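The values are calculated or read from the model by the stated rules, or taken from the named source; none is laboratory data. Computed from a prediction, not measured in an experiment: that's the story for all the values here. All Cβ positions, even for glycine, are placed from backbone atoms using ideal geometry, and neighbour counts span all protein chains on display.
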Amino acid sequence: MNARIDRERRDVVHATVIDVVEPDPDRRSVDGDPTCGGQVYLHICYDRQRRLKSEVIADTLRRIAHVQGFGSVPVASSAEHGYRMRARLHVGPSGLGFLREGTHAVCDAAQTKQLLPETDQVVTQIGQRLIRSNDRSVLYIDIAENIDADQRVLHIRLRHRRATEAVAAWATACALSGIAHSTRGSKLAQVVSGRPTVSDRVSALTRDAGAGDKRLQRHARSFFQGNRYLVPTLVSAVCRRVTAGPVLDLYAGVGLFAVALASHGLEAITAVEHDVSARTDLEANTTGVWPQISVVGTSVEEFLVRRSDAIAGTVIVDPPRTGLSPTVVERLSVRGVSHVVYVSCDVATFSRDVRRLREAGYEVGEIEAFDMFPNTAHIELLATFRR
């Protein structure tokens with residue numbers, strides 16, 4: 001391989017491939033732009049991608065957490081195409097699309113095949129309407145759909161307030177089940193058309209028919225695991241690691257893990273969520289439906305600092321990409337938490353937290369990984385810690 005060095009940073013060299021002299025057996029041809037949507041692994045055969053991600057986990061744990069012995073962390077596989085249930089789309093000269101990696105340039109989301117073909121059609125239709133109307137008020141659009149893709153909603157982020165009649169027409173013309181919008185600088189959302197949430201059967205998320213016809217809803221702005229094929233796999237793996245209550249679900253989001261555990265019969269579940277949109281969904285998903293779940297609307301740090309008693313049972317943490325703050329690690333240790341189930345979306349911050357938790361007296365147990373975003377460098381992790 002011939003490459004051009006673009007920049008150097010400490011012990012890291014960034015380069016661009018000029019040409020491939022002798023391709024690796026696991027290299028494959030690439031259609032489209034691999035920088036669109038961050039598909040940095042697109043040129044690598046899929047099974048090799050998963051092996052590489054397993055090696056990345058082991059290497060990062062060794063360098064940052066100073067932990068050895070995790071050389072073959074299993075990485076659950078996903079279908080490579082049509083897996084995304086949620087995405088943020090930006091406005092460009094040719095319509096809506098993803099951002100090209102490292103830039104603000106808008107590229108064609110359809111060529112990544114991350115969305116379902118019918119979702120790509122909706123994105124194209126809306127993008128064309130924006131171009132024809134010369135509408136410059138839209139900053140970006142969040143799109144969300146359920147696992148079955150029979151519900152699809154938009155949340156439109158606007159630069160300023162404006163009339164919504166034209167946007168309301170999108171619902172019928174583009175086969176949308178709901179549209180909402182908010183203005184830059186405001187957390188308040190206004191429903192434009194239909195119902196602005198999608199929902200899935202809890203039994204489909206947990207692979208357990210015991211939940212009957214109960215459903216889990218979410219707005220397009222609320223965080224939710226994005227891979228329609230692997231969400232049930234991840235939920236099942238978390239539930240297997242929680243064998244007894246009470247349960248404290250920190251960074252609970254819309255209630256995915258709390259509701260799944262309640263459907264399996266666990267009692268005394270406390271779900272803590274600070275984000276307004278996610279907490280609205282969490283309350284809708286639990287109030288009057290799962291009485292064993294108590295919702296607390298505050299930050300995880302504030303919740304743990306307020307508590308002075310010991311915390312029994314199991315604590316689930318599913319933090320944002322930044323990982324756990326030092327306050328959270330310290331409070332978990334001081335409050336005597338003995339069993340932590342950690343869901344992470346970033347290998348580096350996870351490894352940093354492994355080191356911190358070990359220093360606080362915890363041992364890391366089995367680690368699993370889930371390929372939530374095939375062809376990208378993203379890795380979802382699941383681990384258990386015990387004192």
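Looking at Arg306, Arg335, Arg355, can you tell me which residue is surrounded by fewer than 20 Cβ atoms within 10 Å (Cβ to Cβ), in contact (Cβ under 8 Å) with a residue 60 or more places away in the chain and either in contact with a Phe, Trp or Tyr (Cβ under 8 Å, 6 or more places away or on another chain) or more than 27 Å from Arg48 (Cβ to Cβ) (or both)?
Exactly one of Arg306, Arg335, Arg355 is surrounded by fewer than 20 Cβ atoms within 10 Å (Cβ to Cβ), in contact (Cβ under 8 Å) with a residue 60 or more places away in the chain and either in contact with a Phe, Trp or Tyr (Cβ under 8 Å, 6 or more places away or on another chain) or more than 27 Å from Arg48 (Cβ to Cβ) (or both), namely Arg355.
Before we move on, is Gly127 in contact with a helix residue (DSSP H, G or I) (Cβ under 6 Å, 6 or more places away or on another chain) and either of a type in the set (S, T, N, Q) or touching a residue at least 24 places away in the same chain (Cβ under 8 Å) (or both)?
Values: in contact with a helix residue (DSSP H, G or I) (Cβ under 6 Å, 6 or more places away or on another chain): no; either of a type in the set (S, T, N, Q) or touching a residue at least 24 places away in the same chain (Cβ under 8 Å) (or both): yes.
The answer is no for Gly127.
I'm checking my understanding of the structure. Among residues of segment 108-129 that are of a type in the set (Ser, Thr, Tyr) and more than 18 Å from Pro34 (Cα to Cα), which one is surrounded by the most Cβ atoms within 10 Å (Cβ to Cβ)?
Among residues in segment 108-129 that are of a type in the set (Ser, Thr, Tyr) and more than 18 Å from Pro34 (Cα to Cα), the one surrounded by the most Cβ atoms within 10 Å (Cβ to Cβ) is Thr119.
What residue, among those in segment 90-107 that are in contact with a Leu (Cβ under 8 Å, 6 or more places away or on another chain) and within 19 Å of Ser137 (Cβ to Cβ), is surrounded by the fewest Cβ atoms within 10 Å (Cβ to Cβ)?
Restricting attention to segment 90-107, the residues satisfying the condition of being in contact with a Leu (Cβ under 8 Å, 6 or more places away or on another chain) are 90-91, 95-98, 105-107.
Among the residues that remain, those that are also within 19 Å of Ser137 (Cβ to Cβ) are: 90-91, 95-97, 106.
Values: His90: 18, Val91: 20, Gly95: 20, Leu96: 27, Gly97: 23, Val106: 21.
Here the answer is His90.
In this structure, is Ile57 among the β-branched types (Val, Ile, Thr) and either assigned by TED's automatic domain parsing to the domain that holds Gly102 or closer than 25 Å to Gly226 by Cβ (or both)?
Criteria met by Ile57.
Looking for whichever is among the small types (Gly, Ala, Ser), modelled with pLDDT of 95 or more and crowded, with 18+ Cβ neighbours inside 10 Å here; the options are Ala87, Ala79. Which one fits?
Every option except Ala87 fails the conditions.
Quick one: in segment 139-174, of everything that is assigned to a loop (DSSP other than H, G, I, E, B) and at pLDDT 85 or above, which residue is surrounded by the fewest Cβ atoms within 10 Å (Cβ to Cβ)? Before you say what the answer is, go through the steps one by one.
Going through segment 139-174, the residues assigned to a loop (DSSP other than H, G, I, E, B) turn out to be 146-151, 159-164, 174.
The next check asks that each one be at pLDDT 85 or above; those that pass are 146-151, 174.
Numbers: Asn146: 23, Ile147: 18, Asp148: 11, Ala149: 15, Asp150: 9, Gln151: 19, Cys174: 17.
That would be Asp150.
Could you please find all residues in segment 365-387 being over 12 Å from Ile57 (Cα atoms), surrounded by fewer than 21 Cβ atoms within 10 Å (Cβ to Cβ) and not hydroxyl-bearing (Ser, Thr, Tyr)?
Gly365, Glu366, Arg386, Arg387
Are any residues in segment 212-223 hydrophobic (A, V, I, L, M, F, W, C) and surrounded by 21 or more Cβ atoms within 10 Å (Cβ to Cβ), and if so, which ones?
The first filter runs over segment 212-223 and keeps only residues hydrophobic (A, V, I, L, M, F, W, C), leaving 216, 220, 223.
Scanning segment 212-223 gives Leu216, Ala220.
I'm trying to understand the selection: among the residues of segment 299-326, which are aliphatic (A, V, I, L, M) and either out of contact with any His (no Cβ under 8 Å at 6 or more places or on another chain) or not assigned by TED's automatic domain parsing to the domain that holds Leu381 (or both)?
Within segment 299-326, Leu304, Val305, Ala310, Ile311, Ala312, Ile316, Val317, Leu324 meet the criteria.
Restrict the check to segment 55-69 and report whether at least one residue is touching an Asp or Glu at 6+ places or on another chain (Cβ under 6 Å) and β-branched (Val, Ile, Thr).
no
Here are Arg335, Arg352: which of them is basic (Lys, Arg), in the same structural domain as Gly255 (by TED's automatic domain parsing) and touching a Lys or Arg at 6+ places or on another chain (Cβ under 7 Å)?
The match here is Arg335.
Can Val259 be described as touching a Lys or Arg at 6+ places or on another chain (Cβ under 9 Å), surrounded by 23 or more Cβ atoms within 10 Å (Cβ to Cβ) and not assigned by TED's automatic domain parsing to the domain that holds Val328?
Against the criterion (touching a Lys or Arg at 6+ places or on another chain (Cβ under 9 Å), surrounded by 23 or more Cβ atoms within 10 Å (Cβ to Cβ) and not assigned by TED's automatic domain parsing to the domain that holds Val328), Val259 does not qualify.
Is it true that Val192 is in a strand (DSSP E or B), crowded, with 23+ Cβ neighbours inside 10 Å and touching a residue at least 24 places away in the same chain (Cβ under 8 Å)?
When the stated conditions are applied, Val192 does not pass them.
Of all residues being part of a loop (DSSP other than H, G, I, E, B) and modelled with pLDDT under 90 in segment 112-138, which is farthest from the chain's Cα centre (by Cα)? Just the residue, please.
By that ranking, first place goes to Asn134.
Tell me the strands (runs of 3 or more DSSP E) entirely within segment 324-387 that contain at least 3 residues that are within 28 Å of Gly82 (Cα to Cα), among the charged types (D, E, K, R) and touching a helix residue (DSSP H, G or I) at 6+ places or on another chain (Cβ under 6 Å).
Numbers: elements: 339-344, 363-370, 380-386.
In segment 324-387, there are no strands (runs of 3 or more DSSP E) which contain 3 or more residues that are within 28 Å of Gly82 (Cα to Cα), among the charged types (D, E, K, R) and touching a helix residue (DSSP H, G or I) at 6+ places or on another chain (Cβ under 6 Å).
Here is a list of conditions, (1) within 20 Å of Val289 (Cα to Cα); (2) part of a strand (DSSP E or B); (3) modelled with pLDDT under 95; (4) not hydrophobic (A, V, I, L, M, F, W, C), and Gly210 meets all of them except one; can you say which number that is?
It fails just one condition, (2).
In segment 301-318, how many are outside any loop (DSSP other than H, G, I, E, B) and of a type in the set (D, E, K, R)? Give the steps one after another, and end with the answer.
Step one: list which residues in segment 301-318 are outside any loop (DSSP other than H, G, I, E, B), which gives 301-306, 314-317.
Within this subset, residues satisfying the condition of being of a type in the set (D, E, K, R) are 301-302, 306.
Result for segment 301-318: 3.
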